[in-house]
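Visitor: Handing you this structure, nothing more for now.
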Amino acid sequence: AALIPYALDPERPDRFVALAPPEPEVLRASIESDTRVAFLIAAAVALMVGALAIASAAMTSVVERTVHYGIRRALGATKFDVARLVFLETLTLGILGGVAGCILGVMAVLGVSIRLDWTPVFDPTLIPIAIGIGAVVGAVAGLIPALKAAKLDPIRAMRRV
């Protein structure tokens, strides 16, 4: 790259600037790093959307089942029992989401690998981590709906009957 300006105009090489491409290893590392960051950002957005979807579904469920929770409370269930019920529902949704995400992810990697004639590479230790992340997302998303369900007054809830 330093000699190209001399080859173009030996008398006035300062009129040209030649830039050398980066070394292939450096370029590859840079692209891999940028790709990894992009995928992590996409995963974070997907987790937030999933948490909002679970929280929204749980809040809708709490509103629709207000009478149900009121009857439970009238029959002796404690606030903790009602909160635990909603919390376990959202936790289950999170775990099922993690399992579904693992299955879809493995299928996507296999599909792309088969289509492009690549060798698929999987890290089996990531499967329980992904399911655990799904469980955490479900648990966090269920906290507010669970607390709202626990605070329901049984008498007011049963007036809707």
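The values are calculated or read from the model by the stated rules, or taken from the named source; none is laboratory data. In this text, all values refer to a predicted model and were calculated from it rather than measured experimentally. Note that each Cβ is placed from the backbone with ideal geometry, even for glycine, and that neighbours are counted across all protein chains shown. Calculation scope for accessible area: heavy atoms of the full protein, side chains included, ligands and nucleic acids excluded. Shrake-Rupley method; radii C 1.70, N 1.55, O 1.52, S 1.80 Å.
Visitor: Just to be sure, is LEU104 part of a helix (DSSP H, G or I), out of contact with any strand residue (DSSP E or B) (no Cβ under 7 Å at 6 or more places or on another chain) and open to solvent by 90 Å² or more (accessible area, probe 1.4 Å)?
Guide: yes
Visitor: Pull up the stretch 56-82, narrow it to residues that are exposed (fewer than 12 other Cβ atoms within 10 Å of the Cβ) and not in a helix (DSSP H, G or I), then point me to the one that is nearest to the chain's Cα centre (by Cα).
Guide: Checked the stretch 56-82; the qualifying residue nearest to the chain's Cα centre (by Cα) is THR78.
Visitor: Looking only at residues that are of a type in the set (Gly, Ala, Ser) and part of a loop (DSSP other than H, G, I, E, B) in the stretch 1-55, which one is surrounded by the most Cβ atoms within 10 Å (Cβ to Cβ)?
Guide: ALA18
Visitor: Let me ask something else about it. Mind checking which residues of the stretch 110-128 are under 17 Å from the mean Cα position of the chain (by Cα), open to solvent by less than 90 Å² (accessible area, probe 1.4 Å) and either farther than 30 Å from PHE80 by Cβ or small (Gly, Ala, Ser) (or both)?
Guide: Within the stretch 110-128, ILE127 is the sole residue that qualifies.
Visitor: Can you tell me which residue in the stretch 80-136 is nearest to LYS151 (Cα to Cα), limited to those that are in contact (Cβ under 8 Å) with a residue 12 or more places away in the chain and among the aromatic types (Phe, Trp, Tyr)?
Guide: PHE80
Visitor: Tell me which residues, restricted to the stretch 134-161, are under 30 Å from ILE95 (Cβ atoms) and either in contact with an Asp or Glu (Cβ under 8 Å, 6 or more places away or on another chain) or open to solvent by 80 Å² or more (accessible area, probe 1.4 Å) (or both).
Guide: The answer is VAL136, VAL140, GLY142, LEU143, ILE144, LEU147, LYS148, LYS151.
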